[in-house]
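Trainee: I'd like to ask some things about the structure below.
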Amino acid sequence: MGKASSSKKVARAARAGQSTGPSERRELGFPIAIAAVVILGVLLVAWARTQRESDAPSLTDHWHSAYGVYTCTDGEFLPPFDSEFDPDGIHSHQDGLIHIHPFGSRVTGEDALLDVFFEAMFVSLDEGLMVLPDGTELTAEGTECDGEPAVWQIARWPDAADVESDPEVVTEDLSLVSFEQDGEAFTIALAPIGADIPPPPTAAEVAEASPSLLSEGPVTDLGDGEGNVDLSGDTGTDSDPTPSTTVAGDGDPAPSTTVAGDGDPAPSTTVAGDGDPAPSTTAG
């Protein structure tokens, strides 16, 4: 019997030792699960931020960029493109500005390209040739300025208010240049590599077209709905009616004068005739 009791004690001890395994696994599993949740949360935040940045301009944005087409052969800018064709929400109004408010997701983010704008303007551009809406071809082949061969290139200023800085210059895949933020400036130039490229003439107008870029206070009137700001300074007309004056005859009651405050109607004055009592004045 003593041996049997000892065996039972040994067996119970063995079972007790085995039962600690799941408990230990549970204790380790909880912090591991917490760590996994934290890591997953960080990854989701980073992914969402990347998606938000890559989707700009989005379907809710309304950006503006200045643009101009410059040729070194005459040292001048071409007239702004004239087209009201706007299939994708990236267009112009012959104002030297590109209005960017995508109609569909296929032209948002990195797919909001200058090529979409060119298509709306009936313009084509590759590294060697620009074809204008009237069919005029401006080729780089054989074109020289100051003894240097000219090429088509695009100078981009991220901030149209800072065109004194050096622009980013793109010489390849010109139609694939994308819009990256509100208030950019682009000069599409036929000029030698390394030449000084002037900013577009409308660079100073971008801040007026995009109220979010104004630094002198909020804009209260957006004008035509395209983001064009009414800078006339007219904040509305006086809604008070014109004052009226009544001349009383004999026997008329005493005149009263009301001084209107904010929102009060216009004052009226009655001039009494003979025998009328003295006038009274009430301030509004």
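Trainee: From the phi of every residue in the range 116-122, what ³J(HN,Hα) in whole Hz does the Karplus formula 6.51 cos²θ - 1.76 cosθ + 1.60 yield, where θ is phi - 60° and glycine or proline is x?
Mentor: Running phi through 6.51 cos²θ - 1.76 cosθ + 1.60 with θ = phi - 60° gives 5, 5, 4, 4, 5, 8, 6 Hz.
Trainee: Here is a further query. Just to confirm a number: summing +1 for Lys and Arg and -1 for Asp and Glu over residues other than PHE103 whose beta-carbon lies under 10 angstrom from that of PHE103, what do you get?
Mentor: Within the 10 Å Cβ shell, the charges total -1.
Trainee: Convert each backbone phi in the range 142-153 into a coupling constant with the Karplus relation 6.51 cos²θ - 1.76 cosθ + 1.60 (shift: θ = phi - 60°), then list the ³J(HN,Hα) values in order as whole Hz, x for Gly and Pro.
Mentor: Going residue by residue, I get x, 8, 10, 9, 6, x, 10, x, 9, 9, 7, 8 Hz, with x marking Gly and Pro.
Trainee: Based on the Kirkwood radius over alpha-carbon pairs, what value in µm²/s does the Stokes-Einstein equation return for the translational diffusion coefficient of the range 63-213 at 20 °C and 1.002 mPa s?
Mentor: Stokes-Einstein gives a translational diffusion coefficient of 139 µm²/s.
Trainee: Once you place label points 7 Å from the Cα toward the Cβ at VAL37 and LEU213, how far apart are they in nm?
Mentor: 4.6
Trainee: Let me ask something else about it. Per the Debye formula with a single identical scatterer at each Cα and no solvent contribution, what log10 I(q)/I(0) holds for the range 55-109 at q = 0.22, 0.24, 0.31 Å⁻¹?
Mentor: With one equal scatterer per Cα and no solvent, log10 I(q)/I(0) is -0.81, -0.89, -1.16.
Trainee: Quick one: which residues, 5 or more positions from THR71 or on another chain, have an amide H under 5 Å from its amide H? H modelled 1.01 Å from N in the peptide plane, none for Pro or chain starts.
Mentor: Here the answer is GLU76, LEU78, LEU190, since their amide H atoms fall under 5 Å of that of THR71.
Trainee: Indicate the gyration tensor shape class of the range 152-201 (rounded, prolate or oblate), computed on the Cα atoms with a ≥ b ≥ c the square roots of the eigenvalues: a/c under 1.5 is rounded; otherwise a/b larger than b/c is prolate and the rest oblate.
Mentor: Oblate, since a/c reaches 1.5 and b/c is not below a/b.
Trainee: How would you rank 172-184, 90-102, 74-86, highest first, on the average number of other Cβ atoms within 10 Å across their residues?
Mentor: Put in order of decreasing packing, that is 90-102, 172-184, 74-86.
Bear in mind that the values in this text are calculations on the coordinates, not laboratory data. On a predicted model such as this, the values are computed, not experimentally measured, just so you know. Cβ atoms come from the backbone with ideal geometry, glycine included; neighbour counts cover every protein chain shown.
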